[in-house]
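The values are calculated or read from the model by the stated rules, or taken from the named source; none is laboratory data. In this text the structure is predicted, and so the values were computed from the model without any measurement. Every residue, glycine as well, gets a Cβ built from its backbone with ideal geometry; the counts of neighbours run over all protein chains shown.
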């Protein structure tokens, strides 16, 4: 029953646990959101993960099968853990980030999306046309599914 205790909202977490669980939750929720959102555009889950890998490999990622999809999943979770680490460490210096976790989590998730949105053109990611629905989903999705869970896990650090 040890694993069930990790999800207890009353149990405090260490800094490392908050980063690991916050990043894992954010990465999972964001991946599901991305698969659904891009699925509406005709992409399957493998292609969504390959798109993430294309940030490092360019268009070749789409010819790599499951191997590049796995690389995309790994990169996706590394990014989620880095995002969690940034917020968790910032919340240690600015306790208001933990005391007002919902507000600052939503704000942080939005900021993460815009950071990624601005950095993507600097990577080798396969270019795609602007789609307002996907953009809006990205902003809202990152607020709810990235920033918020990270902040809620950070709030549990004692």
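Do we have any residue at all in region 77-96 that's crowded, with 21+ Cβ neighbours inside 10 Å, modelled with pLDDT of 95 or more, farther than 19 Å from residue 115 by Cβ and in contact with a helix residue (DSSP H, G or I) (Cβ under 9 Å, 6 or more places away or on another chain)? Lay out the reasoning, then the answer.
Going residue by residue through region 77-96, those that are crowded, with 21+ Cβ neighbours inside 10 Å are 80, 83-84, 87-88, 91.
Subsequent filtering for residues that are modelled with pLDDT of 95 or more retains 80, 83-84, 87-88, 91.
Then drop every residue that is not farther than 19 Å from residue 115 by Cβ, which leaves none.
No, region 77-96 has no match at all.
For region 43-67, name all the residues that are on the phi > 0 side of the Ramachandran plot and either free of Cβ contacts under 8 Å to residues at least 40 places away in the same chain or touching a helix residue (DSSP H, G or I) at 6+ places or on another chain (Cβ under 7 Å) (or both).
Just the residues of region 43-67 that are on the phi > 0 side of the Ramachandran plot, to begin with: 58, 65.
Within region 43-67, just 65 meets the criteria.
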Can you name the residue in region 103-132 that is assigned to a helix (DSSP H, G or I) and in contact (Cβ under 8 Å) with a residue 40 or more places away in the chain and, of all such residues, is surrounded by the most Cβ atoms within 10 Å (Cβ to Cβ)? 105
Among the residues of region 68-80, what is the count of those that are free of Cβ contacts under 8 Å to residues at least 24 places away in the same chain and more than 10 Å from residue 46 (Cα to Cα)? 4
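Would you say residue 146 is surrounded by fewer than 16 Cβ atoms within 10 Å (Cβ to Cβ) and within 12 Å of the chain's Cα centre (by Cα)? Lay out the reasoning, then the answer.
Working: surrounded by fewer than 16 Cβ atoms within 10 Å (Cβ to Cβ): no; within 12 Å of the chain's Cα centre (by Cα): yes.
When the stated conditions are applied, residue 146 does not pass them.
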